[in-house]
Amino acid sequence: MVVTRMLYASDFSKASQPAFRLARDLARTLKAELIVFNAINTVVPTLGEGYVSPTLVREVWQAGRQAAQRDVDKLVQIARRDRIRVRGVIGEGAPAAAIVRAARRVRAQMIVMGTHGRSGVRRLLIGSVAERVVRTAQCPVLTVGARSGGA
């Protein structure tokens, strides 16, 4: 298998940091392009039966997109300092589906992502984005546990 392009999916959590280190190491070693990706969930949470105006929804979404872009740009700069061909991409929608769509769209041969390592009831209630990506992606998915020391 030749990997010329890989997608690193990040939620910017501490748990995703070991996966980012490994993605950079792999990209450098394989001389592959690294796509730094974040999915913005387009569902706006509400409390109870309250009304949220379309203007407020738009403002919240725009603030979230701007914050995600800043965070993606920071990771892109780190990878550039490592002399890696890299670009950032922001997607929209449920994270697992957005990651799989983005990997297909950029023709990534591999997805690298972190896992939070939840189990039991927490995993049942919160779900596992990584598990859904592994089940639905058309390319190999390398998951890196939050407790991994990374490189």
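The values are calculated or read from the model by the stated rules, or taken from the named source; none is laboratory data. These figures come from a predicted structure and were not determined experimentally. No Cβ is skipped: glycine too gets one built from the backbone with ideal geometry, and neighbour counts run over all protein chains shown.
Some observations on this one:
- Listed by first and then second residue, the pairs with beta-carbon distance under 6 Å, at least 6 apart or on different chains, first residue in the stretch 1-28 and over 19 Å from residue 83 (Cα atoms), second assigned to a loop (DSSP other than H, G, I, E, B), are 15/116; 15/146; 16/10.
- Within the stretch 99-124, residues that are within 20 Å of residue 20 (Cα to Cα) and at pLDDT below 95 sit with their Cβ atoms under 8 Å from residues that are among the basic types (Lys, Arg) and assigned to a loop (DSSP other than H, G, I, E, B), at 6+ positions apart or across chains, in these pairs: 117/147.
- Options 63, 67, 94: the member that is closer than 29 Å to residue 140 by Cβ and among the hydrophobic types (A, V, I, L, M, F, W, C): 94
- For residue 34, the requirement of being surrounded by 13 or more Cβ atoms within 10 Å (Cβ to Cβ), at pLDDT 95 or above, closer than 30 Å to residue 83 by Cβ and out of contact with any strand residue (DSSP E or B) (no Cβ under 6 Å at 6 or more places or on another chain) is not met.
- Residues that are among the hydroxyl-bearing types (Ser, Thr, Tyr) and outside any helix (DSSP H, G or I) were ranked within the stretch 12-42; the one that is farthest from the chain's Cα centre (by Cα) is 42.
- Scope the stretch 4-31; condition of a type in the set (Lys, Arg) and touching a strand residue (DSSP E or B) at 6+ places or on another chain (Cβ under 6 Å); matching residues: 5
- Scanning the stretch 61-79 for residues being among the acidic types (Asp, Glu) and over 15 Å from residue 91 (Cβ atoms) gives a total of 1.
- Checking each residue in the stretch 47-83 for being of a type in the set (Ser, Thr, Tyr) and in a helix (DSSP H, G or I) picks out only 55.
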